[in-house]
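Below is one structure; the comments refer to it alone.
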Amino acid sequence: MEFITEFLPLIMFAVVFALLLLGFPVAFTIGGVAMAFGLYGFGPGFFNLLPLRIWGTMENFSLMAVPLFIYMGVMLEKSGLAEELLEAMALVFGRIKGGLAVSVIFVGALMGASTGIVGATVVTMGLLSVPTMLRNNYNKCLTTGTVAASGTLGQIIPPSIVLVLLGEIMNVSVGELFLAAIIPGFILVGLYMLYILIIAQIKPEWAPPIDQKILDALSRRQLLEKVFKALIPPLALMIAVLGSIFAGIASPTEAASVGAVGATILTVMHKRFNYQIVKEVMNTTTKLTCMVFIILVGASTLGLVFRGLGGDGLLRGLILSLPFGKWGILFIVMSIIFVAGFFLDFIEITFIHVPVLAPIMIHLGVDPIWLGILIAVNLQTSFLTPPFGFSLFYLKGVTPPEVSTMDIYKGIIPFVIIQIIGLLIICLFPETVTWLPRVLS
């Protein structure tokens, strides 16, 4: 009995993980298991502590950025901006082998920086890009892998919702995380484009250039006007949101409101703004926000019970007793998060694993900003890894019937490997993360 009591926190985690794999709802599973173990460990007095814990979470000003960034992303999805941008970039890069796929990565990066919502970006890019790439005789696997990977860039390129949540959970500045994520984001975009250009040279039939007749239909001046018109709106929105944070004019929460207003203005400018659009955006924003905050409340309850039962000390003792040193333990922590990504959503990992594992690494002297970016890149991979990679589900829902699930699974394998390479680069060269915040601070 004493043995069970000692390892009660780990048993609680095992129960949560098992129930999630069985398909139980995330929010109610986390909160329900936490309350059951809390009642067993502390008795009815546990419920005296719970309201204060939940209230402290819900009144947090930083978390107000979450619904605002969600609104911004969903509104931009409806604005038609991605459609114009993809068409313009395809004409710019279309003359080279793999140029259409490179344009998809470029637009995915800009959409990620504009929306921060992976689901919205993957669905939008899937609807616009996959039929176009298949019509231009692109390989199905390369097509689906490119679109799925480009859609996940919103996880690491600021403003990213996962960075807002990580900043809150790890108690670090969201603004510094945004700054720190810029270079790693560029590294991933560069690695994606490099892979596409190399594979296009090795297997030119996989990624042919666009038909010359389409390219010749526009003069150079018309092309420049088209590109200028498509690029200015997302760049202006990025500068308004990120520039106000980096210049110290606004907090991330205040900048999120700037982004929400800016996205609405862009939708009006594109003549897409109407009652039906507003209704859809409000419904989607409300649903996504409720999901995030219910999970957050459940995770806060889980954290309270875990710490109350002595889980922090138990897990720290187990990990620190391993004879691997700081780098070995970092490898184990990153491996745990990577493997969890095969089965769990990034929100679940953020709220369940990060509050437990991050303090151990910080205790070992790891820079919390650097650790936060490593975790964010690792969590980005969870969107692509089967069987529960959500980008794969989003993409399958909008691809033509001739694209099979196996085509999608085969297509994402090279991009998962690329993300691991990107994670290793950030790990081996911490300056890629720490240099920009240090210079601009």
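Laboratory data are not the source of any read-out in this text; all were calculated from the coordinates shown. A quick note: this is a predicted structure, and the numbers were derived from the prediction, not measured. Cβ atoms come from the backbone with ideal geometry, glycine included; neighbour counts cover every protein chain shown.
Points worth noting:
- Relative contact order for the stretch 264-370, counting Cα pairs under 8 Å that sit 6 or more residues apart, in percent: 30
- Where the alpha-carbon atoms of the stretch 240-287 are placed on the principal axes, they occupy 36, 26, 9 Å, in descending order.
- Against the chain, whose longest principal axis is taken from its Cα atoms, helix 46-58 shows a tilt of about 30°.
- Once the chain from PHE7 to ILE425 is taken as fully extended at 0.36 nm per residue, the excess over their C-alpha distance is 146.8 nm.
- The stretch 166-276 - charge dipole about Cα centre, Lys and Arg +1 at Cβ, Asp and Glu -1, debye rounded to 20: 520
- Note that the stretch 125-131 has calculated 3J(HN,Hα) couplings of 5, x, 5, 8, 8, 4, x Hz, one per residue in order, obtained from phi through the Karplus relation 6.51 cos²θ - 1.76 cosθ + 1.60 (θ = phi - 60°); glycine and proline are x.
- Sequentially through the stretch 351-362, phi angles give Karplus couplings (6.51, -1.76, 1.60; θ = phi - 60°) of 8, 9, 8, 4, x, 8, 7, 4, x, 5, 5, 5 Hz, Gly and Pro residues having no value and appearing as x.
- Given charges at Cβ of Lys, Arg, Asp, Glu: the chain dipole, positive-most of SER219, LEU63, VAL164: SER219
- Mean ellipticity per residue at 222 nm, deg cm²/dmol - from DSSP H runs of n ≥ 4 across the chain, formula -39500 (n - 2.57): -26000 deg cm²/dmol
- Whole-Hz couplings from phi, Karplus 6.51/-1.76/1.60, listed for the stretch 245-250; x for Gly and Pro: 6, 5, 7, x, 6, 9
- Lysines with Cα under 23 Å of LYS287, excluding same-chain neighbours fewer than 8 positions away: LYS78, LYS279, LYS396
- Computed extension gain for GLN201 through THR405, at 0.36 nm per residue and net of the alpha carbon distance, reaches 70.8 nm.
- Per-pair calculated FRET efficiency, R0 = 56 Å: LYS326 and ALA240 via Cβ, rounded to 0.05: 0.90
- Spherically averaged projected area of the convex hull of Cα atoms, the stretch 116-194: 5.5 nm².
- With each label modelled as a point 7 angstrom along the Cα→C-beta vector, the GLN276-MET58 pair spans 3.6 nm.
- Nearby lysines by direct alpha-carbon distance to LYS97 (threshold 24 angstrom, same-chain neighbours under 8 apart not counted): LYS140, LYS203, LYS213, LYS226, LYS410
- ILE294/LEU49 FRET efficiency (R0 22 Å; Cβ-Cβ; nearest 0.05): 0.70
- Taking 1.567 mPa s as the viscosity and 4 °C as the temperature, the Stokes-Einstein diffusion coefficient of the stretch 268-362 based on its alpha-carbon Kirkwood radius rounds to 80 µm²/s.
- The chain, relative contact order in percent, only Cα pairs under 8 angstrom and at least six apart counted: 27
- Electrostatic dipole magnitude of the chain [Cβ: Lys, Arg +1; Asp, Glu -1; Cα centre; debye, to 20]: 880
- Relative exposure of TRP55, TRP370, judged by other C-beta atoms within 10 Å (fewest first): TRP55, TRP370
- Pairs of Cα atoms nearer than 8 Å and 6+ residues apart set the relative contact order; for the stretch 122-199 it is 23 percent.
- Using distinct alpha-carbon pairs, which all enter the 1/r mean, Kirkwood radius of the chain in Å: 22.7
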